[in-house]
Amino acid sequence: MDLRLRDKVALVTGGSRGLGRAICLGLAAEGVKVAVNYRRDEAAAGEVVEAMQNLHAARGIALQGNVAESVDVVRMFDRCEEDLGPIDILVNNAGVWPTAYVRDMTEEEWDATFAVNLKGAFLTCREAVRRWLDRDRGGRIVNVTTQAAFRGSTTGHAHYAASKAGLVTFTVSLAREVARSGIFVNAVAPGMMRTDMAREALEESEEKYIQRTPLGRIAEPAEIADVVVFLASDRASYTTGATFDATGGMLMR
């Protein structure tokens, strides 16, 4: 199936590793020009840009910025437009997954988690929507949430689960606001994946996660990226405000 994505421009937050890297490469495989956002690891983001070029002859740039800072967000959008062109696709993948049980959690840990996982998505979505509406053009947003947004956490990630649950509702609300303007807003809820973020948890409890998953295995990031790429395309032309479960069956709704 041709996804009709060639020569589109995408900004992927948290694109330097894990699922973000897989999303960047998945979009590049469809001919998308991709801005790879990173916060700290410039070398990793540069490697993703190089991989997109070498594997798919796709243009890309590495964009440093903290999604929780509005000044950084505006600068990223400006730089992307200067180098690649106006953004057609925004993927909010940047996220943190700290561990602390509620009884031990500090306000600072709570606030820092929400700043990246929810405020960051708000700031990037707001900037994208403002630009698309000002120019009377459509666009596509895909927000990465998690199965824990629906099931909660028993392993010390209540702040993460709560922030991602907020992202689900924000996705629905924004989709309702902008649907008539040709702006599509959807989310993807992955289960456990083999990423750097999950490495320690899998080393300690992989069998537990496998037992909780009806398909009986841990996902590879590229499997989730495929869902994101589809939602970023015009092939998802009658879908907005939806959260797609990509959990191996952990969520069945």
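The values are calculated or read from the model by the stated rules, or taken from the named source; none is laboratory data. Just so we're clear, the structure is a prediction, and the values are computed from it rather than from any experiment. Neighbour counts run over all protein chains shown; Cβ positions are idealised from the backbone, glycine included.
Looking at region 83-104, can you tell me whether even one residue there is under 22 Å from Thr195 (Cα atoms), assigned to a helix (DSSP H, G or I) and not hydrophobic (A, V, I, L, M, F, W, C)?
No, region 83-104 contains no residue that is under 22 Å from Thr195 (Cα atoms), assigned to a helix (DSSP H, G or I) and not hydrophobic (A, V, I, L, M, F, W, C).
Of the residues that sit in region 199-247 and are of a type in the set (Phe, Trp, Tyr) and within 27 Å of Lys33 (Cβ to Cβ), which one is surrounded by the fewest Cβ atoms within 10 Å (Cβ to Cβ)?
Tyr238
This table checks each residue for (1) surrounded by fewer than 18 Cβ atoms within 10 Å (Cβ to Cβ); (2) over 17 Å from Val73 (Cβ atoms).
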| residue | (1), (2) |
| --- | --- |
| Thr106 | yes, yes |
| Glu109 | yes, yes |
| Asn117 | no, no |
| Gly120 | no, no |
| Glu127 | no, no |
| Thr154 | yes, yes |
| Ala158 | no, yes |
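Please list, ordered by first then second residue, the pairs with beta carbon atoms under 6 Å, 6 or more apart or interchain, first in region 48-70 and among the polar types (S, T, N, Q), second in a helix (DSSP H, G or I).
Asn66/Asp72; Ser70/Leu123
Exactly one condition in (1) among the small types (Gly, Ala, Ser); (2) in contact (Cβ under 8 Å) with a residue 12 or more places away in the chain; (3) over 19 Å from Glu127 (Cβ atoms); (4) out of contact with any Lys or Arg (no Cβ under 8 Å at 6 or more places or on another chain) is not met by Gly152; state its number.
(2)
In this structure, does Asn37 turn out to be in a loop (DSSP other than H, G, I, E, B) and at pLDDT 95 or above?
Working: in a loop (DSSP other than H, G, I, E, B): no; at pLDDT 95 or above: yes.
Spelling it out, it is not the case that Asn37 is in a loop (DSSP other than H, G, I, E, B) and at pLDDT 95 or above.
With respect to the numbered conditions (1) surrounded by 18 or more Cβ atoms within 10 Å (Cβ to Cβ); (2) in a helix (DSSP H, G or I), which one is the sole condition not fulfilled by Met250?
Every listed condition holds for Met250 apart from (2).
For the list (1) in contact (Cβ under 8 Å) with a residue 60 or more places away in the chain; (2) basic (Lys, Arg); (3) in contact with a helix residue (DSSP H, G or I) (Cβ under 7 Å, 6 or more places away or on another chain), I need the number of the one condition that Arg217 fails.
With (1) in contact (Cβ under 8 Å) with a residue 60 or more places away in the chain; (2) basic (Lys, Arg); (3) in contact with a helix residue (DSSP H, G or I) (Cβ under 7 Å, 6 or more places away or on another chain) applied to Arg217, the lone miss is (1).
Of the conditions (1) assigned to a helix (DSSP H, G or I); (2) over 20 Å from the mean Cα position of the chain (by Cα), Val116 fails just one. Which one is it?
(2)
Please go through region 192-237 and give me each residue that is among the β-branched types (Val, Ile, Thr) and more than 15 Å from the chain's Cα centre (by Cα), ordered by number.
Here is the first cut: in region 192-237, the ones among the β-branched types (Val, Ile, Thr) are 195, 210, 213, 218, 224, 227-229.
Answer for region 192-237, where residues must be among the β-branched types (Val, Ile, Thr) and more than 15 Å from the chain's Cα centre (by Cα): Ile210, Thr213, Ile218.
Please find, within region 171-198, the residue that is farthest from Thr146 (Cα to Cα) out of those that are surrounded by fewer than 19 Cβ atoms within 10 Å (Cβ to Cβ) and in contact with a Leu (Cβ under 8 Å, 6 or more places away or on another chain).
Ser181
Mind telling me which of the residues Arg6, Arg21 ends up being touching a residue at least 24 places away in the same chain (Cβ under 8 Å) and either over 25 Å from Gly138 (Cα atoms) or surrounded by 24 or more Cβ atoms within 10 Å (Cβ to Cβ) (or both)?
Of the residues listed, the single one that is touching a residue at least 24 places away in the same chain (Cβ under 8 Å) and either over 25 Å from Gly138 (Cα atoms) or surrounded by 24 or more Cβ atoms within 10 Å (Cβ to Cβ) (or both) is Arg21.
Restricting to region 200-214, give me the number of residues that are in contact (Cβ under 8 Å) with a residue 24 or more places away in the chain and not hydroxyl-bearing (Ser, Thr, Tyr).
Of the residues in region 200-214, 3 are in contact (Cβ under 8 Å) with a residue 24 or more places away in the chain and not hydroxyl-bearing (Ser, Thr, Tyr).
From the list Asp234, Asp196, Asp136, which residue is in contact with a Ser or Thr (Cβ under 9 Å, 6 or more places away or on another chain), outside any helix (DSSP H, G or I) and among the acidic types (Asp, Glu)?
When all the criteria are applied, what remains is Asp136.
Conditions tested, residue by residue: (1) of a type outside the set (D, E, K, R); (2) part of a helix (DSSP H, G or I); (3) under 24 Å from Ala35 (Cβ atoms).
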| site | (1), (2), (3) |
| --- | --- |
| Phe122 | yes, yes, yes |
| Cys125 | yes, yes, yes |
| Ser153 | yes, no, no |
| Tyr160 | yes, yes, no |
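In region 35-46, is there at least one residue being buried (at least 16 other Cβ atoms within 10 Å of the Cβ), touching a residue at least 24 places away in the same chain (Cβ under 8 Å) and within 16 Å of Asp226 (Cα to Cα)?
no
I need a count of the residues in region 129-152 that are under 28 Å from Gly249 (Cβ atoms), crowded, with 20+ Cβ neighbours inside 10 Å and not polar (S, T, N, Q).
6
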